[in-house]
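The values are calculated or read from the model by the stated rules, or taken from the named source; none is laboratory data. Bear in mind the structure is a predicted one, so any value in this text is a computation, not a measurement. Backbone-built Cβ (ideal geometry, glycine too); neighbour counts: all protein chains shown.
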Amino acid sequence: MDGGLTSNADLAPDHCQPFGQLFMTKTKVGHFMLDRIKEAGVDLTFGIPGDYVLPVYAAQERCGFKTVVMTHEPSVGFAADAYARIKGLGVALVTYGAGGLNIINSVALAYAEESPLLVISGSPDTKFRSQKAELHHCVKSFESQLKVMAEVTESHALITNPKTACEEIDRVITTTRKRSRPGYLELPRDILNIEVEIPSRIPGAVGGEPRGLSEAIAEIEARLGTAKQPVLLAGAQIHRFKTIDKVVGLVNNLNIPVVTSILGKTAFPESHPNFIGSYFGKFGDPKVREYVESCDLILCLGAVLTEMETGGYSASLPQDKLILANSHELTIGQHSYPYIDFVMLLDKLLKSTTSGALKGKKFAVPSLPAEKFDLEPNQKALSVGAMMDTLNKMLDERYRVVTDLGDCLYAGMGLKTDQFIAPGNYSSMGFGVPAGIGAQLADPKRRSLILAGDGGFQMTGNELTTAAKLGINPIVVLFDNASYAMMRFIDQKKDYYELNRWDYVGVAKALGATGVKVTTKHEFQEALKSAESCTGPMLIDCIISETDISPTLKRLTDHFGQKLRATAN
């Protein structure tokens, strides 16, 4: 049929020059795109094959560029998102319509979480686009998918003109990386192998100092110079824009105490002596909250103060005490400075502490005991507190913690780790297992320790089969309470919050993984010991009471539960 499957042999490049040979004068559209992706440090993509995107697969294969094939497009997006958070760019390949529209939620999460995810979709050939949209996978019009993607991406392009193809591809990839938010490229099948002139790479002119930067630095210096008890609140953009070393240098020079936001957990090393905890408004550790809210200056770097970052807007960050600097804005008290580059601001601040007005300025760091989980006196029953206590004794530089949504996230906030990936802002279930796979592929030196609720696992846990196929060994710690616990605690016990208790050990084995069920702290400890030497993926099914949740989730659900009941009444 018209618009049906065309063979790879017809559409694949007949040759593929080595990546990076930009001295060539001509190339094919697909090769140019893959070359730009390779230059960004990407060594693999994630996807599910479909006829409209097969030319991209064929081009990749001829260039020695592999795709990790997963079981469902949402998983593709979650995995590529986690990969992007570590590498600086992650790539998802989808077919048109059925694939592209199925990945939308994952792309929306990446946008909300400021992750540089690039989605590449094949689409119907240009020769069909002047006709009615009656081909398979089409919806309302040929532009339907592009319009939907425009709502969840920072930049997007439909590549139909060979003369501007390279420029458009370069624009989307550059914007995705620079702004750390998703981009979308849609390529009709017949455009990929058209030969085009490679545009000249003219280095961009080095811009001068942004207007207002000197005034902003002077005001920050003045504020810090008179502060008695300041604190630095570190957000996720510190990690997204690869500025952890700059912030650590700033902290070392000022000896300023540091807290992280929920999305910014591990944006500052938790092993650093100046780290005093995570701040999550009224829902976080009470001692951390009390200290932060008693400070006379809050230097907030790399955080966007959304509802989730501020604990449902319960954070007390008065404007007159706040310096807020991120990639979107710089405000100092009541003053706003537009167009200030976040990284350049950090560079100037760091210089000020080494050779400028802030040189020699030092503050005091409090000693705050970490909030303790309530450990069940009955050691025969496994509890959330016992799980986190045990994990804290195991975690080291060999592991990266990846969580799904639910108490696995909120309990996980109490884990001492220097690598933590979670859907803390957008709050979508199903993130954990595929994201853990993407993270481990991005950095194989660290093993993914995945915390997942049973609800999220039932959505995407079958990606354990992908881990088994790849020969990687993530550990999944499953919070098995047979319910959507967070929703039940916010509302009340309803039958629609109940989950069937699967035979998760049997599921794991069927997917090619190892599985073990535990009901006591001792059994959990023994399972983790076994997991340490396991060479493939392993699932630990932790049977916990439906009434057992972390202190953070208890405070959060009590608050939102009151609001929900007030609204209902």
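What to note about this one:
- Single residue of region 134-158 satisfying the filter (part of a loop (DSSP other than H, G, I, E, B) and at pLDDT 95 or above) that is nearest to Ser106 (Cα to Cα): Val152
- Region 384-402 residues that are without any contact (Cβ under 8 Å) to a residue 12 or more places away in the chain, paired with ones that are buried (at least 18 other Cβ atoms within 10 Å of the Cβ) (beta carbon under 8 Å, 6 or more apart): none
- Once region 323-336 is narrowed to residues that are surrounded by 13 or more Cβ atoms within 10 Å (Cβ to Cβ) and not aliphatic (A, V, I, L, M), the residue that is farthest from Pro257 (Cα to Cα) is Ser336.
- Applying the criterion of being within 25 Å of the chain's Cα centre (by Cα) and polar (S, T, N, Q) to the residues of region 293-321, the residue that is farthest from Phe363 (Cα to Cα) is Thr306.
- Residue within region 546-566 that is modelled with pLDDT of 80 or more, more than 30 Å from Lys282 (Cα to Cα) and part of a helix (DSSP H, G or I) present: no
- Residues of region 298-313 that are at pLDDT 90 or above and either in a loop (DSSP other than H, G, I, E, B) or in contact with a helix residue (DSSP H, G or I) (Cβ under 9 Å, 6 or more places away or on another chain) (or both): Ile298, Leu299, Leu301, Gly302, Ala303, Val304, Leu305.
- Selected residue (criterion: surrounded by the most Cβ atoms within 10 Å (Cβ to Cβ)) from residues of region 423-455 that are assigned to a helix (DSSP H, G or I) and at pLDDT below 95: Asp454
- Only listed residue being touching a residue at least 12 places away in the same chain (Cβ under 8 Å), part of a loop (DSSP other than H, G, I, E, B) and over 21 Å from Ser352 (Cβ atoms), chosen from Asp190, Asp170: Asp190
- Unique match (being assigned by TED's automatic domain parsing to the domain that holds Gly264, in contact (Cβ under 8 Å) with a residue 24 or more places away in the chain, over 24 Å from Pro551 (Cβ atoms) and among the basic types (Lys, Arg)) among Lys348, Lys361: Lys348
- Top-ranked residue in region 499-521 [being part of a helix (DSSP H, G or I) and touching a Lys or Arg at 6+ places or on another chain (Cβ under 9 Å); ranked as modelled with the lowest pLDDT]: Lys521
Residue-by-condition table, conditions (1) in contact with a helix residue (DSSP H, G or I) (Cβ under 7 Å, 6 or more places away or on another chain); (2) part of a loop (DSSP other than H, G, I, E, B); (3) surrounded by 14 or more Cβ atoms within 10 Å (Cβ to Cβ):
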residue: Ala315; (1), (2), (3): no, yes, yes
residue: Pro338; (1), (2), (3): no, yes, no
residue: Gly360; (1), (2), (3): no, yes, no
residue: Ser367; (1), (2), (3): no, yes, no
residue: Leu382; (1), (2), (3): yes, yes, yes
residue: Met387; (1), (2), (3): yes, no, yes
residue: Leu391; (1), (2), (3): no, no, yes
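- Filter pass, Ile540 being at pLDDT below 85 and within 25 Å of the chain's Cα centre (by Cα): no
- Within region 99-109, being in contact with a Gly (Cβ under 7 Å, 6 or more places away or on another chain) and either aliphatic (A, V, I, L, M) or surrounded by fewer than 24 Cβ atoms within 10 Å (Cβ to Cβ) (or both) holds for Ile103, Val107.
- Matching residues, region 87-108, being part of a helix (DSSP H, G or I) and in contact with a Leu (Cβ under 9 Å, 6 or more places away or on another chain): Ser106, Val107
- Within region 403-422, the set of residues being of a type in the set (A, V, I, L, M, F, W, C), touching a residue at least 40 places away in the same chain (Cβ under 8 Å) and outside any helix (DSSP H, G or I) comprises Leu405, Met413, Phe420, Ile421, Ala422.
- Subset of region 228-263 that is in contact with an Asp or Glu (Cβ under 8 Å, 6 or more places away or on another chain) and within 18 Å of Leu330 (Cβ to Cβ) - its residue that is surrounded by the most Cβ atoms within 10 Å (Cβ to Cβ): Ser261
- Condition check for Gly90: at pLDDT 95 or above and of a type in the set (Gly, Ala, Ser): yes
- For region 194-224, a residue qualifies if it is among the acidic types (Asp, Glu), under 30 Å from Leu324 (Cβ atoms) and at pLDDT 90 or above, and the qualifying residues are Glu215, Glu219, Glu221.
- Any chance Gly64 is at positive phi, in a loop (DSSP other than H, G, I, E, B) and modelled with pLDDT under 55: no
- Some residue of region 15-30 being assigned to a helix (DSSP H, G or I), modelled with pLDDT of 90 or more, touching a Cys at 6+ places or on another chain (Cβ under 8 Å) and among the β-branched types (Val, Ile, Thr): yes
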